[in-house]
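Quick note: the coordinates plus some simple rules give every number you see, no bench work behind them. Quick caveat, the model's predicted, so the values are computed rather than measured. Every residue, glycine among them, receives a Cβ derived from its backbone with ideal geometry; neighbour counts consider all protein chains shown.
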């Protein structure tokens, strides 16, 4: 799918009202009774784990990057002269869905933020209340096509919309929106909104955040066109297999890691919200098992929420 197809194709399709709750997701796996019991009801009675830390941010030299996993798909990436957030979400609740592991740090313990990247408009990735509470600054937001209107009123000095493979350059850094296999609607049928991952270039480093995605041939193209070094790849919300229409498991994430030719694999999108039917601790366990079998254990970096790691 090219950029024009991604941005305009969905908008041109005839919109239909959902015939059942299963039609609320592209993979048609929404069973309301099972979903409520597994993802909502059980979560209410599950104690929230983890701790909120006050991170000790390292002193960096040019060319180093510190990455702090906040939880789910949220990261703080720090260079000597640039602090950026990806999909910041500090919420304890998303509507009736409980966060089952504390955010790794508190919003007030963040450094000054220069740049916020949003991969798509789903509530677990684009959390408006979290963004509103960020320290006031002249920060920039980069979002996929069709999302700009949603980012207004959140304190941004500038909002930039990108299509797939478009690059925004500012000062001495660049951000490119990359393809993924997902969907971008905020509500049920606002399918004109985009989605994707981000490729960040700064101080000679090349960082890739895949956003939310199922496996797709788009990753082979990313590997051909770009040179990711650190790759943040999703590994959760894959069971049952119908969920793989929009998410990937550790097995497919390993395949993506190889196809994009990255050096370091930082797993994400697990252990925070109960979004599918595998156990919360299964994705990292399975990933470590697969990595050991394939001789990739030394390239996997499982981060602890709220603990900055220097690369």
Shape parameters for the stretch 21-310, alpha-carbon atoms, Rg then Dmax in Å:
17.7, 53
Cα gyration tensor category, rounded, prolate or oblate, for the stretch 212-311 with a/c compared to 1.5
oblate
Once the Cβ-Cβ distance between residue 169 and residue 263 is put in as r, and R0 is 30 Å, what FRET efficiency do you end up with, to the nearest 0.05?
0.80
Report the FRET efficiency, 1/(1 + (r/R0)^6), for residue 107 and residue 44, where r is their Cβ-Cβ distance and R0 is 35 Å, rounded to 0.05.
0.90
When the helix-only estimate is applied to the chain (DSSP H runs of n ≥ 4, each -39,500 (n - 2.57), divided by the residue count), what is the mean residue ellipticity at 222 nm, nearest 500 deg cm²/dmol?
-3500 deg cm²/dmol
When only alpha-carbon atoms are used, what values of Rg and Dmax, in angstrom, describe the stretch 184-231?
13.2, 41
Ranking request for peptides 228-234, 149-155, 199-205: highest mean number of other beta-carbon atoms within 10 Å first, then the rest in descending order.
228-234, 199-205, 149-155
Multiply the residue separation of residue 288 and residue 132 by 0.36 nm, subtract the distance between their alpha-carbon atoms, and state the gained length in nm to one decimal.
52.5 nm
Length gain on complete extension for the stretch residue 224 to residue 239, per 0.36 nm per residue less the alpha carbon to alpha carbon distance?
2.4 nm
Classified through the alpha carbon gyration tensor (a ≥ b ≥ c as square roots of its eigenvalues; rounded if a/c is under 1.5, else prolate when a/b is larger than b/c, else oblate), the stretch 39-174 comes out oblate
At a Förster distance of 22 Å, what's the computed FRET efficiency of residue 96 paired with residue 51, Cβ-Cβ distance as r, to 0.05?
0.35
What fraction, in whole percent, of alpha-carbon pairs in the stretch 98-212 exceed 23 Å separation?
30 percent
Starting with the highest mean, order 254-263, 92-101 by the number of other Cβ atoms within 10 Å, averaged over the residues of each peptide.
254-263, 92-101
May I ask you to compute the full-extension gain from residue 34 to residue 279, defined as 0.36 nm times their residue separation minus their alpha-carbon distance, rounded to one decimal in nm?
86.7 nm
Cα gyration tensor, the stretch 157-263 - rounded (a/c under 1.5), prolate or oblate:
oblate
Could you list the residues of the stretch 260-285 with an amide nitrogen less than 19 Å from a label point located 7 Å from the Cα of residue 61 in the Cα-to-C-beta direction?
none
Could you check the spin-label model distance between residue 298 and residue 203? Points 7 Å from the Cα along Cα→Cβ, value in nm.
2.6 nm
Which peptide among 242-249, 124-131, 288-295 comes first, and what is the full order, when sorted by highest mean count of other Cβ atoms within 10 Å?
242-249, 124-131, 288-295
